[in-house]
Amino acid sequence: MQETTIALSDFISTQVLEPWKGIKKVAREEYFTSGHRTCQGCESALVMKLMAKAAGPRSIILGATGCMYVANTTYYSTPWVVPWMHTQLGSAGSAATGTVAALRAMMRKGKMEEEPINVISFCGDGGGADMGLSAISAALQHTHYNLLIFMYDNESYANTDIQVSGSSPYGANSTFSPPGKVHRIMHRRWKKNTAAMLAAGHPDCKYVATVTAGNAIDTMNKVRRALTIGGPTFIHSLDPCPKGWDYDPKYSHELGELATETGIWPLYEVEEGKVKMYGKSKHIASGAFKRKPVREYLLRQGRFAHFVEEDIDYFQAKVDEMWEKWLVPGVIPFAQA
Amino acid sequence: MSTGSVEVVYRGIFQKTLAKNICRGIVFAAKNEGKIGIAFGRYSDSPERNGIPAKQFAVVADTEEEMEEHLSRYEPDNNDVTIAADDTLCKGVESWAWYGLQPINKLLTEGGTLLVASTRSADKLIGEIHRKGKPYNLATVKGTASFSGLWVYKDDHTDVRLLGALAKVAPHLVSLDSIVATISDPLKVTSAKKAYDLVESVSVNTDQGNDEVPFEFEMPGWTKMEEGLVIRGMAGQQEVPGRDGGYVPTRNPTFKKFSTRTMRPVVNFDTCTQCKICWLQCPDSCFDITPDGFYDANMEACCGCGVCEAVCPVSQCITMVNEEAFTDNAGQWEMWTKDKESYSGWLSEKISQPPARTHGFHHLGQYAEEIANDPS
């Protein structure tokens, strides 16, 4: 797979990765391959595979602590084919800026050949939406650094056996929020709107997208778009987690799709100040596709098995509000006062 | 004056609560007999992953000193009883924390008992279990593997049935009376007693079993590691003779993952439309691309999650089949190219056997339905 490049002397060139139009065009090489110690049906492992495949061989991937660190690099054993480095839980952003700065310095000093190298730093929702938020925010202000922060969001601290994160959905069962006889709902916060928050709050961030791996071609093309645009970019992926969400692993793909079809997980990209819905979310926004009821999504997962009608209704009302009342439906909250 | 230990080998997450219930049951039963017991999970199996084999232990001692002596070890390395909560574990155990495949009976003491929950006969199981240099017993409790998830437990009495059977095969550890005294539900007491009566045990000699040598890896000690703990990368593609024009990705040589599998996909190449969706959506990159453009699930990399079956747009092109129906990891495409007719016969024989397994939660109320429909 050969990619053409734009050579710019000021080190801000990027690889030009054209979108793959259809599954037949997808590269067959794997840069994150078999032999990782993740769960059966792990959607985050699939996301790593798609991300690495989309980025191609001339990439450096960095990873903050989480499932995708612990399960993929246990004592001298790894499925990574491209160079990979671990960084601490909250430092996905700083590792990315540091790596890009180091590459620039090495190239400037002639210690390595000048070439555009993709730098992707991934983090889970714990590492990204919670602990690493400030470092990511800082990274997204470096206009002259080409880096992609990729957040794989399985809606909990899944690696340490499912504790609540800022990304956990309302009411979900977890190690920190087990439903009891007195209090059925122990987690009462609504999921953090990370992608939109970063897009709205970082004018220098060149590209933000939400993806889910059930939509594999789009997921890869968003990664390719982000890397081609260059500058600081951010992608937020919703990854169904068979362990923490408690469902049969074979439904990983289907639950990702359901999250979009119920309107819980809107798919959009923000580029040059414009937000664009894509996939099913585009049709939901235009009214061409009627959102499925959230109960179809919720009752398929053991983490919501304690829900009663009242809880499902509340969940539905919140999702309805997101599409009917928000300033930009599915993206930017606040209604006009 | 003595100590004894039991290890429960089980499918991570799917049987975590089950294994916990068994180990706790042993400890409480020991307490009823005036002994001391302790239950714990294998540290390096945590965090558990769905389906990847894990272990929990229960240790029983007569005195506190003996218990302390026993616990000074990292983990019990010689167990009176090994309980395999799922019979496909008999093919070998590759935990995510160690390297290579370990026989299920590896930590079993001479004359100890391997207790398996299975619907199959002892003969069938012995054919899968690796040979052991010492004689031991194989006991079976009739039943399918009980799988559920992290939050919703399928309470189908498998825990008390295994405890009842344990009292029969290792009365020196815990008696049936003391087990029964820990159970409050009268229905469960009946289940435990029934299992005690019905458990079947055979002795296994050193010349019986699978004579295959399980694969092993030598990992570098810390003095051999490179500066910065660098791991050398893999090359991008493997040369596979006879696969010109196909593509086989490099695979991590030190973790194969197939012992995670309890079902495997079988592919009907005659109906395959080469749409590539299984290949793209497989989280474990287990599909090799064949020279003629088919996608062949590599059985050393496949962990049996079932995503390929779920995403395949052709009806009955990919079917998940109970792992019990297979004795090796042979490739299916090669079998098909050699003789399409006999492959077709092989395929229909395999998919005619219903899976009799699930991987946990599908919808609310499903476990109650399954228990109501289960004849055992």
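Values quoted throughout were computed directly from the atomic coordinates according to the rules given, and no laboratory measurement underlies them. Everything numeric in this text was worked out from a predicted model, so none of it was measured. Every residue, glycine among them, receives a Cβ derived from its backbone with ideal geometry; neighbour counts consider all protein chains shown.
Once the other residues with Cβ under 14 Å from the Cβ of B:V189 are scored (Lys, Arg +1; Asp, Glu -1), what is the net sum? Before the final figure, lay out the partial values.
On the way: positive: B:R161, B:K188, B:K193, B:K194; negative: B:D159, B:D177, B:D185, B:D197.
Net local charge, B:V189 excluded: 0.
Let me make sure I get this right: for region B:3-204, a, b and c are the square roots of the gyration tensor eigenvalues over alpha carbons, sorted descending. Under 1.5 in a/c it's rounded, otherwise prolate if a/b > b/c, else oblate. Which is it?
Details: a/c = 1.20, a/b = 1.09, b/c = 1.10.
Verdict is rounded for region B:3-204.
Given a cut-off of under 8 Å on Cα pairs at least six residues apart, what relative contact order in percent is computed for region A:23-311? Display every interim value, and only then the final one.
Working: 588 pairs, mean separation 50.5, N = 289.
Normalised by residue count, the contact order of region A:23-311 is 17 percent.
In whole Å, what is the distance between the alpha-carbon centres of region A:29-94 and region B:273-311?
Region A:29-94 and region B:273-311 have Cα centres spaced 20 Å from each other.
For B:N79, which sequence-distant residues (separation of 5 or more, or a different chain) have an amide H within less than 5 Å of its own amide H, given hydrogens modelled in the peptide plane?
Amide H neighbours of B:N79: B:L108, B:T109.
Extension gain B:C275-B:N205, at 0.36 nm per residue separation less the Cα-Cα distance, in nm? Please report the intermediate quantities before stating the final value.
Values: separation 70, 0.36 × 70 = 25.20 nm, distance 4.98 nm.
Net length gain for the segment: 20.2 nm.
If you filter region A:222-314 for trypsin sites (Lys or Arg not before Pro), then keep DSSP loop positions with at most 11 other Cβ within 10 Å, what is left?
Taking region A:222-314 and a limit of 11 other Cβ atoms within 10 Å, the loop trypsin sites (Lys or Arg not before Pro) found are A:K290.
Helix A:43-55 versus the longest principal axis of chain A: what is the Cα-based angle in degrees, 0 to 90, to the nearest 10?
30
By count of other Cβ within 10 Å, fewest leading, how are B:F57, A:F334, B:F147 ordered? Could the numbers behind the result be given before it?
Numbers: B:F57 20, A:F334 9, B:F147 25.
Least crowded to most crowded, the residues run A:F334, B:F57, B:F147.
Would you mind ranking B:I129, A:I185 by Cβ crowding within 10 Å, fewest neighbours first? Intermediate values should be presented prior to the final figure.
Working: B:I129 25, A:I185 18.
With the fewest neighbours first, B:I129, A:I185 line up as A:I185, B:I129.
Go through region A:207-212 residue by residue and turn each phi into a ³J(HN,Hα) via Karplus (6.51, -1.76, 1.60, θ = phi - 60°); whole Hz please, and just put x for glycine and proline.
7, 9, 9, 10, 9, 9
As a footprinting exposure proxy, order A:I149, A:I60, A:I284 by other Cβ within 10 Å, with the fewest listed first.
On the way: A:I149 30, A:I60 20, A:I284 23.
Least to most surrounded, the residues fall as A:I60, A:I284, A:I149.
Residue separation times 0.36 nm, minus the C-alpha to C-alpha distance between B:H363 and B:A325: what's the value? If you can, show how the numbers build up before the last one.
Numbers: separation 38, 0.36 × 38 = 13.68 nm, distance 2.73 nm.
Value of the extension gain: 11.0 nm.
Would you look at the GNM of chain B, springs on alpha carbons closer than 10 Å, and say which of B:D292, B:D62, B:D211 moves the most?
For chain B, modelled as a Gaussian network with Cα springs under 10 Å, the answer is B:D292.
Which whole-Hz ³J(HN,Hα) couplings does region A:247-260 yield from phi under the Karplus relation 6.51 cos²θ - 1.76 cosθ + 1.60, θ = phi - 60°, glycine and proline marked x?
Rounded to whole hertz, the list is 8, 4, x, 5, 8, 3, 5, 5, 5, x, 5, 4, 4, 6.
Residue by residue through region B:93-99, which ³J(HN,Hα) values in whole Hz follow from phi under the Karplus form 6.51 cos²θ - 1.76 cosθ + 1.60 (θ = phi - 60°), with glycine and proline marked x?
Each residue's phi maps through the Karplus curve to give 10, 10, 5, 6, 9, 9, 10 Hz.
Mind listing the long-range amide H neighbours of A:I60? Cut-off is under 5 Å, sequence gap 5 or more, other chains count too, H placed in the peptide plane at 1.01 Å from N.
Answer set, sorted by chain and number: A:N118, A:V119, A:I120.
Would you kindly state how much longer the chain becomes between B:N373 and B:K350 on full extension, computed as 0.36 nm times their sequence separation minus their alpha carbon distance, in nm to one decimal? The partial results should precede the final answer.
Working: separation 23, 0.36 × 23 = 8.28 nm, distance 2.36 nm.
This chain segment gains 5.9 nm when fully extended.
Let me spell out the model: positive unit charges on the Cβ of Lys and Arg, negative unit charges on the Cβ of Asp and Glu, origin at the Cα centre of chain A. What dipole size does that give, in debye rounded to 20? Write down the numbers at each step before the final one.
Working: 36 positive and 33 negative charges, 46 e Å.
That gives chain A a dipole magnitude of about 220 debye.
Mind checking region B:161-221 for GluC sites (Glu not before Pro) that DSSP puts in a loop (not H, G, I, E or B) and that have at most 11 other Cβ atoms within 10 Å? Could the numbers behind the result be given before it?
On the way: sites: B:E200, B:E212, B:E216, B:E218; in loops: B:E212, B:E216, B:E218.
Hits after loop and neighbour filter: B:E216, B:E218.
Taking H as built 1.01 Å from N, whose amide H comes closer than 5 Å to the amide H of A:I149, not counting residues under 5 places away?
Long-range HN contacts for A:I149: A:S121, A:T233, A:F234, A:I235.
Of A:K181/B:K35; A:K280/A:K325; A:K206/A:K282; A:K192/B:K20, which pairs sit farther than 23 Å apart, going by alpha carbon to alpha carbon?
Checking Cα-Cα distances, A:K181/B:K35; A:K192/B:K20 exceed 23 Å.
Which parts of region B:16-56 would a label at B:L71 reach, counting a residue when its backbone N lies under 11 Å from a point 7 Å out along Cα-to-Cβ?
B:37-40
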